[in-house]
Amino acid sequence: MSCWPLHEDGTWREYTRRRCQGPALFLDRDGVIVEETRYLHEPAKVRLVTGITDIMGRANAGGIPVIVVTNQGGIGRGLYRWEDFAAVQEEITRRLSRAGVHWDGVLASPFAPGDSPMRKPRPGMLLAAAAKLGIDRAGSWIIGDRETDIEAGHAAGLAGGIMVGDGYGSGERQRALGFDEPGRYLVRTVQTPADAVAHLPFLVNP
């Protein structure tokens, strides 16, 4: 048997802090924390995205939990295993630690696109983390590089979502902006994670 934090629903759920009773910063992993490498499963290919340690450091210093929510459909497709995911996670954790920052929770969905409520754009991972840690969803934000990240934040009742880059084309960015609802859910687009800081109220005005 493995010692990995696998939930009975098949997701990976790892937490390093207890309840927080406040907002959180949700981050996609591939394309936001680490450079996008399709079906990343080799530690040697891990590269941190420029600017991400600054955002995480600000959140850490302000007591804002950093929660990673990542689709890992390559596991469901049989392209790699949880062993590979764990090895990549260990390498990312090592590099973040070397930069003096950390995450407070990681949830990973192994499911291929379909009906699983635990795969973005459905909000299952965000809702599970919020319930576990007592997160104030209405004050929380998500940063992602795909329309599905922004949609998941909208479905979870977050305050807003920030899309980094152009996803897989300008059309995807426009679809992400379609979830913008002033007064309910704000959507912002930026080119790099470093640009996102100015749009996060709990980092600008801690």
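Name the shape class, rounded, prolate or oblate, that the alpha-carbon gyration tensor gives for the chain, where a ≥ b ≥ c are the square roots of its eigenvalues, rounded holds for a/c under 1.5, and otherwise prolate holds if a/b is larger than b/c and oblate otherwise.
rounded
Within a Cβ distance under 11 Å of P113, other residues only, what is the Lys/Arg minus Asp/Glu net charge?
+3
In whole angstrom, how far apart do the alpha carbon centroids of region 121-135 and region 48-81 sit?
If you average the Cα positions of each part, the centres end up 15 Å apart.
Summing +1 for each Lys or Arg and -1 for each Asp or Glu, what net charge is found among the other residues whose Cβ lies under 10 Å from the Cβ of A130?
Local net charge: +1.
Could you sort K45, K120 by their accessible area in this structure, using a 1.4 Å probe and putting the largest first?
Descending accessible area places them as K45, K120.
The values are calculated or read from the model by the stated rules, or taken from the named source; none is laboratory data. From a predicted model like this one, the values you see are computed outputs, not experimental measurements. Don't worry about glycine lacking a Cβ; one is built from the backbone with ideal geometry, like all the others, and counts go over all protein chains shown. Protein only, heavy atoms only, side chains kept; ligands, DNA and RNA dropped before computing areas. Shrake-Rupley method; radii C 1.70, N 1.55, O 1.52, S 1.80 Å.
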